[in-house]
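For reference, the structure is listed below as structure tokens.
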Amino acid sequence: MTIANRNAGDVIVVGAGVFGLAVARAAALRGLAVTVVDQASPGAGASGGVVGALSPHVPDNWNPKKEFQLKSLLMARDYWTGVEAESGEPTGYRALGRLLPLRGPEAEALAAARAEQAATLWQGRAAWRVVPADSAPWVSAGEDVSAMVHETLSAQLFPRRACHALTLAAARAGATIRPQTGVSAVEPGRVVTADGALHAPRIVLAAGLGGLELLGQRLGRTLGSGVKGQAALLRATLPDAAPILFDDGVYVIAHGPESVAVGSTSEPAYGQGEGTDAQLDHLMETAGRLVPDLRAAPVLERWAAVRPKARRRDPMLGSVPGCDGVFAALGGFKIGFGLAPLVGEVMADMLQGAGADIPDSFTVAHHLQGAPAYPA
């Protein structure tokens with residue numbers, strides 16, 4: 001059906017990943033008429049994975065980015081509980097914390113210093129503790145592991161289930177979701193699709209790597225790149241309250257009684273964005289060394305996608321210079337689900353014309369500084 005020159009309400013959100021859906025829900029709950037368009041379907045891209053770690057940066061060298069992340073992680077329990085209530089669907093959210101193996105006295109001393117920092121910076125609402133190496137008997141600590149950190153700020157969810165629930169919550173708040181609607185250009189007041197133009201006074205670009213490319217084309221600057229990630233879902237059982245395990249660049253996360261996710265690779269250079277290969281095999285071998293019960297576990301799914309990384313790594317949020325009414329909610333490489341609750345709220349503030357408290361390093365203007373010509 002043609003949509004040529006159709007009025008799409010107050011706000012068009014381009015992209016139905018976790019950032020786009022969070023913005024759409026927040027804006028719709030405030031009474032704005034929102035239309036979400038996506039070239040595929042909600043959560044079909046990098047947001048539709050299987051890992052789902054909502055984990056903080058380490059509690060030292062504090063900065064506005066870490067403060068923003070902390071606020072969002074502390075919002076997460078009420079946020080995802082609310083999404084589940086509104087949608088009637090599970091997200092897999094559980095606040096079980098995270099284990100990080102330590103190797104030797106130097107690592108233990110650094111972890112102890114971070115525990116003191118966390119006691120202050122995390123406002124007493126979560127802890128960072130050094131615990132014995134054998135605290136988690138399902139983990140193969142190995143002779144070189146002398147202790148572990150158990151931090152309680154981390155939580156987890158199942159990404160594609162969370163996106164499904166968030167889609168329903170946004171729709172029930174009043175947002176219109178238009179899948180299979182690719183966007184070829186974004187201009188002040190309208191987006192161009194294969195079926196014509198959709199019009200709205202405010203437009204939010206939240207389409208992951210595609211959004212970075214659309215914005216780059218519009219501004220003539222290269223604003224980011226893709227980083228491929230591969231992960232796997234295994235049929236295995238860990239203790240019901242097992243915290244996330246993170247070691248040697250690998251996450252191990254129990255999703256329910258019979259599935260465990262392991263991930264993910266970080267590949268700045270890649271060929272096919274959606275195919276898996278020997279790098280995932282190596283990752284699963286590493287997970288098997290960390291958790292012996294995973295060594296012979298059947299593979300339920302192998303997954304890969306390209307995640308968006310803004311050129312200065314931090315997320316890119318807010319108004320786009322020189323493009324009246326156009327906003328960005330892009331980037332979020334590795335930390336998008338953890339930031340999504342607060343990103344939705346601050347973007348809704350901006351869409352309503354209010355100021356938003358975001359780090360300077362998140363602004364589009366900051367990312368534009370020194371950005372090379374598009375394409376680089």
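The values are calculated or read from the model by the stated rules, or taken from the named source; none is laboratory data. Computed from a predicted model, the values in this text were never measured in an experiment. As a convention, Cβ positions derive from the backbone with ideal geometry for all residues, glycine included, and neighbour counts pool all protein chains shown. Accessible surface areas use protein heavy atoms only, side chains included; no ligands, DNA or RNA. Shrake-Rupley method; radii C 1.70, N 1.55, O 1.52, S 1.80 Å.
One table, with the values for the structure above:
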read-out: Subset of segment 333-349 [in contact with a Leu (Cβ under 6 Å, 6 or more places away or on another chain) and at pLDDT below 95]; value: none
read-out: Flag if ALA28 is hydrophobic (A, V, I, L, M, F, W, C) and modelled with pLDDT of 95 or more; value: yes
read-out: Selected residue [buried (at least 16 other Cβ atoms within 10 Å of the Cβ), farther than 28 Å from TRP122 by Cα and in contact with a Lys or Arg (Cβ under 8 Å, 6 or more places away or on another chain)] from SER55, SER87; value: SER87
read-out: Filter result for the condition that a residue is over 23 Å from the mean Cα position of the chain (by Cα), of a type in the set (Ser, Thr, Tyr) and closer than 25 Å to LEU234 by Cα, over SER146, SER154, SER140; value: SER140
read-out: Given (1) at pLDDT 95 or above; (2) assigned to a loop (DSSP other than H, G, I, E, B); (3) of a type outside the set (A, V, I, L, M), number of the condition HIS150 does not satisfy; value: (2)
read-out: Strands (runs of 3 or more DSSP E) lying entirely in segment 292-376 (those with 3 or more residues that are open to solvent by 10 Å² or more (accessible area, probe 1.4 Å) and touching a strand residue (DSSP E or B) at 6+ places or on another chain (Cβ under 9 Å)); value: 299-310
read-out: Which numbered condition GLY288 fails, given (1) in contact with a Lys or Arg (Cβ under 8 Å, 6 or more places away or on another chain); (2) in a helix (DSSP H, G or I); (3) crowded, with 23+ Cβ neighbours inside 10 Å; value: (3)
read-out: Cross-chain or 6+ apart pairs with Cβ under 8 Å, segment 235-246 first and touching a residue at least 12 places away in the same chain (Cβ under 8 Å), then charged (D, E, K, R) and open to solvent by 20 Å² or more (accessible area, probe 1.4 Å); value: ARG235/GLU258; ALA236/GLU258; ALA236/ASP293; THR237/GLU258; THR237/ASP293; LEU238/ASP293
read-out: Failed condition for ALA269, given (1) open to solvent by 20 Å² or more (accessible area, probe 1.4 Å); (2) of a type in the set (Gly, Ala, Ser); (3) at negative phi; (4) under 20 Å from the mean Cα position of the chain (by Cα); value: (4)
read-out: Unmet criterion (only one of (1) over 20 Å from the mean Cα position of the chain (by Cα); (2) open to solvent by 20 Å² or more (accessible area, probe 1.4 Å); (3) more than 19 Å from GLY49 (Cβ to Cβ); (4) touching a residue at least 24 places away in the same chain (Cβ under 8 Å)) for ALA278; value: (4)
read-out: Pair list, Cβ < 6 Å and 6+ apart or interchain, from segment 184-210 residues that are on the phi > 0 side of the Ramachandran plot to residues that are open to solvent by less than 30 Å² (accessible area, probe 1.4 Å); value: GLY196/ILE3; GLY208/GLY17; GLY208/PRO308
read-out: Any hit, segment 364-375, residues being of a type in the set (A, V, I, L, M, F, W, C) and under 30 Å from ALA231 (Cα atoms); value: no
read-out: Hits in segment 45-74 - residues which are within 17 Å of the chain's Cα centre (by Cα), in a helix (DSSP H, G or I) and not hydroxyl-bearing (Ser, Thr, Tyr); value: LYS65, LYS66, GLU67, PHE68, GLN69, LEU70, LYS71, LEU73, LEU74
read-out: Every residue from segment 127-183 that is free of Cβ contacts under 8 Å to residues at least 40 places away in the same chain and of a type in the set (A, V, I, L, M, F, W, C); value: ALA127, VAL130, VAL131, ALA133, ALA171
read-out: Members of segment 75-100 found to be of a type in the set (Ser, Thr, Tyr) and not in a loop (DSSP other than H, G, I, E, B), listed by number; value: TYR79, THR81, SER87
read-out: Meets criteria (surrounded by fewer than 22 Cβ atoms within 10 Å (Cβ to Cβ), out of contact with any strand residue (DSSP E or B) (no Cβ under 8 Å at 6 or more places or on another chain) and part of a loop (DSSP other than H, G, I, E, B)) for GLU143; value: yes
read-out: Test: residue in segment 188-202 that is among the small types (Gly, Ala, Ser) and closer than 30 Å to TYR93 by Cα; value: no
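One line per residue, one yes/no per condition, for (1) modelled with pLDDT of 95 or more; (2) open to solvent by less than 10 Å² (accessible area, probe 1.4 Å):
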site: THR2; (1), (2): no, no
site: ILE12; (1), (2): yes, yes
site: GLY15; (1), (2): yes, yes
site: PHE19; (1), (2): yes, no
site: PRO42; (1), (2): yes, no
site: LEU70; (1), (2): yes, yes
